[in-house]
Amino acid sequence: MAPSPRSPALHFLALAGLAAAAALIANALASPARHLAWRRSAAAPLAFPSPTERPGPQAGADSGQSVLAPPARPAPPPGPSRPAARAEEVAASSPIREISSGEAWEAFKSGVPFLDARRRAEFAEGHVAGAWCAPVWESDLDERLLSFKAARRPGPEDAIVIYCSGGECRDSHLLAARLLDEGYGHLLIYRDGFPDWLGQKRPVETGQP
Amino acid sequence: MRRLLLHPKLVLATRILLGLIFLAAALPKIADPPGFAKAIWAYGLFPPWSINPLALLLPWLELVCGLALCLGRWTRAAALWCSILLLAFSLALAIDLARQHPTDCGCFGSSSQRSEAERMVDMRWALGRDLGLLLLAIQLSWSSLRRQDRRPGSEPEGARP
């Protein structure tokens, strides 16, 4: 029988249909660590952080301000001020700021809750002692944040330290943006993340969340 | 040259090679959709609403196309899909290279942490590889088209083993 000229087009669509059906079934049967929502929840910001949105690397570190102090409310300048002083003011008043290794240790000793934004498998391999698992890319993030809030009951002005793998990892920034949307205004991003914590030989735990 | 490019043994080797590469690329992504979603997001090119559907669909499309090529079924349609996917991957890499935005390719699943300079070098290699594979996919599409033109009424698909 002669092949229909339409058959390649039908095959083309059939391949896409097969892929879509397989994706639907596989995702429906996937474990929570592998499951992905077809639509992200509206409360999960995914805007790519541009360099100008990133907090300055020394924000908070050299300002002489305690890492646990809530961000100062910016007051309108009474007169012309130096740009450097203005930048420090903005950094100190930012609800999300990066903190150094020493500041993260200070926060840990003060009992500030730590949120681990890495994947669940990485958390199981090792995490900051007492940290809460909040993997931004996994579908049960909402439930995990709810259980964290129920257990720790953080107020909007209470400090929360968020970390991931340091370096170029942006998961902690995504989680901070998410918490900021929920009304939390004192979010400290541990810039160097878990590799630094491990390198400093600070308390670590292993195991599933 | 044309006869060489359309030689059945070369077409068969291309089909199997491309099929195996697509299978190898699909499996790690199917095993970890959140990791692939993160890789897509890191390109900084896609609107947020599109990231999860892409992360769920693309690996399965790669898998069915890879299987079709390896089994020699629906070769023309599979080669066309492979060409479209490879063109899209190449464009994404080229745009990020042009704007100096270092990204992990994510082509074969998540990769280990690398410095920005290492990632830029990896992106150049990945772009070269994707363009090479695109040429193979185009050759496969062309050969299946020629085969159908030359033998109307006979087997329309690419060379069979």
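For chain B, a crude dipole built from +1 on the beta carbon of Lys and Arg and -1 on the beta carbon of Asp and Glu, taken about the Cα centre, is about 800 debye to the nearest 20.
Across the range B:2-150, the relative contact order, built from alpha-carbon pairs under 8 Å that are at least six residues apart, equals 31 percent. Once the convex hull of all Cα atoms in the range B:1-135 is built, its volume per residue stands at 110 Å³. Of the peptides B:82-89, A:135-142, the order by per-residue mean of other Cβ atoms within 10 Å, starting with the highest, comes out as A:135-142, B:82-89. Across all C-alpha atoms in the range A:88-205, the radius of gyration and Dmax reach 13.0, 39 Å. Inter-chain Cβ neighbour count for B:43-49, averaged per residue, equals 3 (cutoff 10 Å, partner chain atoms only). Annotation: amide H-H contacts under 5 Å for residue A:162 (H modelled 1.01 Å from N, sequence separation of 5 or more, or interchain): A:115, A:188, A:189, A:190.
Counting, for every residue in B:88-99, the Cβ atoms of other protein chains within 10 Å of its Cβ and taking the mean gives 0.
Please compute the length gained on full extension between residue A:109 and residue A:146, using 0.36 nm multiplied by the number of residues separating them and subtracting their Cα-Cα distance. If you can, show how the numbers build up before the last one.
Working: separation 37, 0.36 × 37 = 13.32 nm, distance 2.42 nm.
Contour length minus Cα-Cα distance gives 10.9 nm.
Couplings 3J(HN,Hα) of the range B:125-131, computed from phi: 4, 5, 5, x, 5, 5, 5 Hz, in residue order, whole Hz [Karplus 6.51 cos²θ - 1.76 cosθ + 1.60, θ = phi - 60°; x for Gly and Pro]. Dipole of the range B:2-150 computed with +1 at Lys/Arg Cβ and -1 at Asp/Glu Cβ about the Cα centre; of B:137, B:63, B:125, farthest Cα towards the positive end is B:137. Using the Karplus curve 6.51 cos²θ - 1.76 cosθ + 1.60 with θ = phi - 60°, what ³J(HN,Hα) values do you get for each residue of the range B:41-51, in whole Hz, with x for Gly and Pro? With coefficients 6.51, -1.76 and 1.60, one gets 4, 5, 5, x, 10, 10, x, x, 5, 8, 5 Hz. Amide H contacts of residue A:204 (H built 1.01 Å from N, in plane; Pro and chain starts excluded): A:129 sit under 5 Å, all sequence-distant by 5 or more or on other chains.
How far, in nm, would the chain grow between residue B:45 and residue B:118 when pulled straight, counting 0.36 nm per residue and subtracting the alpha carbon separation?
Residue separation times 0.36 nm, minus the Cα-Cα distance, leaves 24.2 nm.
Peptide B:50-56 has a mean of 5 when you count, residue by residue, the C-beta atoms of other protein chains within 10 Å of its C-beta.
Read-outs throughout are calculated quantities, based only on the coordinates presented, and are distinct from any laboratory measurement. In this text the structure is predicted, and so the values were computed from the model without any measurement. Ideal geometry is used to build each Cβ from the backbone, glycine not excepted, and the neighbour counts take in all protein chains shown.
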